Every structure is written in structure tokens, then in C-alpha cells.
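Some notes on the structure that comes next.
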Amino acid sequence: MNNTVVKASKIWLSSPHMGGTEQHYVQQAFDSNWIAPLGPNVQGFEEAIEDYLSGGVHVAALSSGTGAIHLGLKLLGVGPGDIVLCQSLTFSASANPITYLGGQPVFIDSEKDTWNMSPELLEEAIQHFLSKGKKPKAIIPVHLYGMPYKAEAIRELSLTYGIPVLEDSAEALGSKYHDVPCGTFGDLAVLSFNGNKIITTSGGGALVAHTREHKEKAVFLSTQARDAAPHYQHSEIGFNYRMSNVLAGIGRGQMEVLQARVESRRANHQYYLEHLGKLEGIEFLQEPEGMFSNRWLSCILTPSYEAREKLRLALEAENIESRPLWKPMHLQPVFADCPAFSDGTSEELFQRGLCLPSGSNLDVTDLNRVIAAITKSYTP
Ligand SMILES: Cc1ncc(COP(=O)(O)O)c(C=O)c1O
């Protein structure tokens with residue numbers, strides 16, 4: 001007798017989804033021997049993003065979103081001892097680069113209707129530091145899980161107090177606020193093409209600038225800050241952060257399917273909402289007026305930490321990956337000494353929230369498996 005238990009195939013939280021034309025661009029890189037760093041795919045990928053975002057932006061393709069945040073902060077002049085006001089409910093990569101520059105992260109809690117940086121707490125923090133004679137150097141709001149932050153309110157505070165915004169749009173390519181694409185709101189913005197994002201280059205990112213000078217400076221710094229000389233000469237410390245021509249080829253193919261990816265992820269969210277929204281105590285984040293989310297990850301709120309853990313473990317037992325919402329940065333051991341302006345919102349979201357499988361390559365059988373596992377084990 002064969003006692004082997006056949007485990008159902010793994011359902012991932014968010015896995016890469018190729019469109020079909022990526023290999024064509026990668027092959028071009030091989031055929032023309034543009035394997036070494038730069039080449040036509042990098043320019044083609046940058047132009048595709050610029051066309052998509054519109055608004056006359058200038059895009060620098062880089063090796064990661066984290067590197068883009070690092071360079072963005074550097075371009076905004078962040079240096080040792082400078083205060084940077086960063087959304088607390090986010091992935092650590094939003095905040096880590098502040099410390100690479102010797103800056104001081106200060107964390108700002110979220111508001112309930114977008115899960116993003118609260119403009120009220122942001123203003124409280126700005127006034128607090130101004131009253132101590134210390135003007136913050138930059139603000140990093142995040143469009144979490146694809147839901148836009150209150151771009152107008154944060155822009156207004158930025159202009160009122162003269163503090164620039166580095167917009168973390170790593171999770172929000174394809175999202176819009178009042179019909180304007182996310183990635184165009186900050187003085188500078190950041191995109192990520194990490195393997196779990198809505199489109200991917202396996203690893204990669206971009207800095208979105210509003211001036212040619214900012215883009216050129218980002219490219220200069222990302223390619224080891226080489227002065228114009230026949231020999232290698234450097235007057236500034238540089239970085240090795242440029243995207244390679246091979247990976248940019250994947251990006252060109254992925255840009256061709258971005259719109260379809262947004263539609264699939266939004267359809268996943270709608271399907272979950274229809275089937276799980278009726279369960280007592282399960283909540284979904286609605287799109288506030290004027291917001292259009294790419295629904296990068298579909299998330300639910302359960303009534304309690306215990307209910308969330310029960311669901312997470314039930315899904316794990318069925319070989320389905322899920323994950324609690326981001327643990328706020330002000331609760332992370334590594335940032336324990338950093339000041340925070342918190343009202344408990346992100347802490348509660350972390351306790352009660354769960355991200356569900358959200359990939360654009362999930363089919364209805366996968367979604368039904370997730371829904372069945374939740375429905376079977378859920379008790380309010
Ligand atoms: C909000 C946020 N910021 C920054 C990053 C960093 O991007 P990357 O992984 O491309 O370095 C990510 C994703 O990884 C992210 O989710």
C-alpha cells in the first residue's frame with residue numbers, strides 16, 4: 001500500500017508573472033552583446049515607465065528600490081544627524097537607507113482609511129521638531145499594498161513647511177490618486193521591481209525625478225560617480241546601483257502587461273471581497289474617494305490577533321502562503337531608539353491584518369482554495 005500523502009501545490013503570496021515578450025528583449029541583449037551594464041534595454045525600459053507615468057518625469061533604472069531610496073535621500077541632501085519623517089507601517093527598506101546616510105528616522109503612524117501616513121501626526125511631528133529648532137530634512141510616505149496615501153494633504157504640508165517628499169511607490173505602480181499615477185507625487189519617487197511586485201525584473205528599482213538634472217545626478221552616483229576624464233577620477237563617493245541591460249529587457253516585456261496585471265490583482269481583491277466580505281468581523285480596506293489601488297496585495301482585517309493567527313496557521317496547513325501586515329517600524333527591535341508619533345493605528349492593523357495570496361497568475365481554483373480554507377477555519 002502506498003501511504004504517500006500528496007500535498008496540494010503551494011499557493012504563493014505574490015510570485016513573478018511573465019508576459020511572454022521578456023525573452024525577446026533579453027535575447028536582443030545577448031545578440032548584440034549588451035550584457036555588460038548599460039545598453040538599449042535600459043533606455044527602452046526607462047522610456048516605457050516615463051510614458052506610463054507621463055507628466056514629463058525622468059526615470060533612472062536602478063538595481064533595487066532600496067538603492068533608489070538611498071540615492072533619493074542623498075539627492076535631497078540628507079546627511080548625518082538629519083531627521084527624516086518616515087511612515088511606520090511599511091517594509092524596512094523604506095527606512096533603512098536613512099541610516100545608511102547617518103540620518104535619524106522618526107516614525108509616523110497611519111490613518112485608518114488608507115493605512116498610510118497620517119497627515120495630522122505628520123504635522124504634529126514637524127511642529128515638534130521645528131519648536132526645537134530642528135527642521136526635518138525629508139518626508140517618506142508610502143502607498144502601502146498599492147493604496148495611495150493622501151498625496152494632496154501631504155504635499156500641502158511639504159510646501160507649507162518646505163520639507164521635500166520622497167514618495168515610496170515601490171508597491172504602487174499602476175495605482176492612481178485623482179487619476180494621477182502614483183510615482184509622480186513626490187519631489188522624487190521610488191519604484192521596485194523586486195520578484196514579488198506587480199511587475200518584476202527579478203530584482204530592480206527606479207528613481208522617478210521631475211528634472212533632468214536630478215535624473216542625471218542619480219545616474220552619475222549610481223555608476224560610481226566617475227568624473228569626465230579618460231582615467232578613473234572621482235570627486236564624490238559613488239555607488240554601484242545601475243540596472244543591467246539584461247534585467248531591463250525583462251522590464252520592457254513586463255511593462256507591456258502592466259495594465260493586465262493591475263486588472264488581475266483588482267479582480268482577485270473583488271473576488272475575495274465577494275466571498276469573504278460576508279463573514280462576520282472580516283473587513284477589507286475600501287478605496288476612499290478619488291483613490292485607485294493596484295491592489296498589489298489583498299488584505300483582510302480579522303477581529304483579533306488570535307483570529308488572525310488561527311487563519312494564518314490554517315492557510316499554512318493547506319500549503320497556502322499568507323503574511324501578517326507589515327510590523328510597524330517603531331515596534332522593530334532595530335529601530336527601538338527612534339522617536340515615533342504613534343496613536344496605535346498601525347499596531348492594531350499589524351495585530352489584526354493578514355495579506356492573502358494576490359498574484360496575477362492565480363486562477364479561480366487557487367482563489368477558491370484560499371476562500372475555502374478561510375471559511376472552514378474562521379470563527380469571529
Ligand atoms: C514599501 C517598500 N519600499 C521599498 C522596497 C524596496 O524595494 P527593493 O526590494 O526593490 O529594494 C519595498 C519592497 O521590497 C517595499 O515594499
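The values are calculated or read from the model by the stated rules, or taken from the named source; none is laboratory data. Since we're looking at a predicted model, the values are computed, not measured. Please note: Cβ atoms are built from the backbone with ideal geometry, for glycine as well, and neighbour counts cover all protein chains shown. Heavy atoms of the whole protein, side chains included, go into the accessibility calculation; ligands, DNA and RNA do not. Shrake-Rupley method; radii C 1.70, N 1.55, O 1.52, S 1.80 Å.
Output the number of the condition that PRO119 fails; it satisfies all remaining conditions of (1) under 24 Å from GLU156 (Cβ atoms); (2) surrounded by fewer than 17 Cβ atoms within 10 Å (Cβ to Cβ); (3) in contact with a helix residue (DSSP H, G or I) (Cβ under 8 Å, 6 or more places away or on another chain). PRO119 satisfies all of (1) under 24 Å from GLU156 (Cβ atoms); (2) surrounded by fewer than 17 Cβ atoms within 10 Å (Cβ to Cβ); (3) in contact with a helix residue (DSSP H, G or I) (Cβ under 8 Å, 6 or more places away or on another chain) except (2).
Among the candidates LEU89, LEU191, LEU122, LEU159, the residue that is part of a loop (DSSP other than H, G, I, E, B) and more than 17 Å from GLY290 (Cβ to Cβ) is uniquely LEU89. If the condition is being surrounded by 19 or more Cβ atoms within 10 Å (Cβ to Cβ) and of a type in the set (D, E, K, R), then segment 245-277 contributes ARG252, ARG261, ARG265, ARG266.
Step by step: first the residues of segment 43-64, then only those that are surrounded by fewer than 18 Cβ atoms within 10 Å (Cβ to Cβ) and part of a loop (DSSP other than H, G, I, E, B), then the one that is farthest from the ligand (Cβ to nearest atom). Which residue is that? So that I can check it myself, show each step before the final result.
Filtering segment 43-64 for residues surrounded by fewer than 18 Cβ atoms within 10 Å (Cβ to Cβ) gives 43, 47, 50-52, 54-56.
Narrowing further to those that are part of a loop (DSSP other than H, G, I, E, B): 54-56.
Numbers: SER54: 23, GLY55: 21, GLY56: 24 Å.
For segment 43-64, the residue satisfying everything is GLY56.
Scanning segment 218-233 finds no residues that are closer than 21 Å to LYS137 by Cβ and acidic (Asp, Glu). Inside segment 85-95, residues that are touching a strand residue (DSSP E or B) at 6+ places or on another chain (Cβ under 9 Å), farther than 12 Å from HIS143 by Cα and surrounded by fewer than 24 Cβ atoms within 10 Å (Cβ to Cβ) make up a count of 1.
Residue-wise test of (1) over 14 Å from the mean Cα position of the chain (by Cα); (2) within 16 Å of the ligand (Cβ to nearest atom).
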position	(1), (2)
THR66	no, yes
LEU89	no, yes
THR99	yes, yes
GLN104	yes, no
ASP113	yes, no
LEU121	yes, no
PHE129	yes, no
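As for segment 173-180, it holds at least one residue that is open to solvent by 50 Å² or more (accessible area, probe 1.4 Å), assigned to a loop (DSSP other than H, G, I, E, B) and away from the ligand (no atom under 16 Å from the Cβ).
State which residue is nearest to ALA189 (Cα to Cα) when the search covers only segment 139-166 and only residues that are of a type in the set (A, V, I, L, M, F, W, C) and within 15 Å of the ligand (Cβ to nearest atom).
Step one: filter segment 139-166 for residues of a type in the set (A, V, I, L, M, F, W, C), giving 139-140, 142, 144, 147, 151, 153-154, 157, 159, 163, 165-166.
Retained after the next criterion (residues that are within 15 Å of the ligand (Cβ to nearest atom)): 139-140, 142, 144, 147, 165-166.
Details: ILE139: 11, ILE140: 9, VAL142: 10, LEU144: 14, MET147: 15, VAL165: 8, LEU166: 5 Å.
The residue in question is LEU166.
Selection of first residues in segment 268-288 that are touching a residue at least 12 places away in the same chain (Cβ under 8 Å) and of second residues that are of a type in the set (Asp, Glu), restricted to Cβ pairs under 6 Å at least 6 apart or on distinct chains, gives the following pairs, ordered by first then second residue: PRO288/ASP113. If you go through segment 278-303 and keep only what is open to solvent by 30 Å² or more (accessible area, probe 1.4 Å) and under 21 Å from ASN196 (Cα atoms), you end up with just PHE292.
Can you pull out every residue in segment 363-380 that is open to solvent by 30 Å² or more (accessible area, probe 1.4 Å) and of a type outside the set (Val, Ile, Thr)? Give the steps one after another, and end with the answer.
Step one: list which residues in segment 363-380 are open to solvent by 30 Å² or more (accessible area, probe 1.4 Å), which gives 363-366, 368-369, 372, 375-376, 379-380.
Scanning segment 363-380 gives ASP363, ASP366, ASN368, ARG369, ALA372, LYS376, PRO380.
Residues satisfying the criterion are absent from segment 326-349 (criterion: open to solvent by 50 Å² or more (accessible area, probe 1.4 Å), touching a strand residue (DSSP E or B) at 6+ places or on another chain (Cβ under 8 Å) and not in a loop (DSSP other than H, G, I, E, B)).
When LEU73 is tested against the conditions (1) within 29 Å of PHE284 (Cα to Cα); (2) open to solvent by less than 30 Å² (accessible area, probe 1.4 Å), the lone failure is (1).
Would you check if THR21 is buried (at least 20 other Cβ atoms within 10 Å of the Cβ) and either of a type in the set (S, T, N, Q) or away from the ligand (no atom under 16 Å from the Cβ) (or both)? First the steps, then the outcome.
Numbers: buried (at least 20 other Cβ atoms within 10 Å of the Cβ): no; either of a type in the set (S, T, N, Q) or away from the ligand (no atom under 16 Å from the Cβ) (or both): yes.
In short, no.
Residues considered: ALA170, ALA218. Of these, the only one that is touching a residue at least 12 places away in the same chain (Cβ under 8 Å) and under 19 Å from ASN245 (Cβ atoms) is ALA218.
Looking only at residues in segment 201-219 that are open to solvent by 10 Å² or more (accessible area, probe 1.4 Å) and β-branched (Val, Ile, Thr), the one that is farthest from the ligand (Cβ to nearest atom) is THR211. Applying the set (1) open to solvent by less than 70 Å² (accessible area, probe 1.4 Å); (2) in contact (Cβ under 8 Å) with a residue 60 or more places away in the chain to ARG323 leaves exactly one unmet item: (1).
Could you go through segment 272-294 and let me know if any residue there is in a helix (DSSP H, G or I) and farther than 19 Å from ALA373 by Cα. No, every residue in segment 272-294 fails to be in a helix (DSSP H, G or I) and farther than 19 Å from ALA373 by Cα. Taking each residue of segment 222-237 that is in contact (Cβ under 8 Å) with a residue 12 or more places away in the chain and looking for partners that are open to solvent by 80 Å² or more (accessible area, probe 1.4 Å) and among the aliphatic types (A, V, I, L, M) with beta-carbon atoms closer than 9 Å, six or more apart or interchain, yields ALA225/ILE237.
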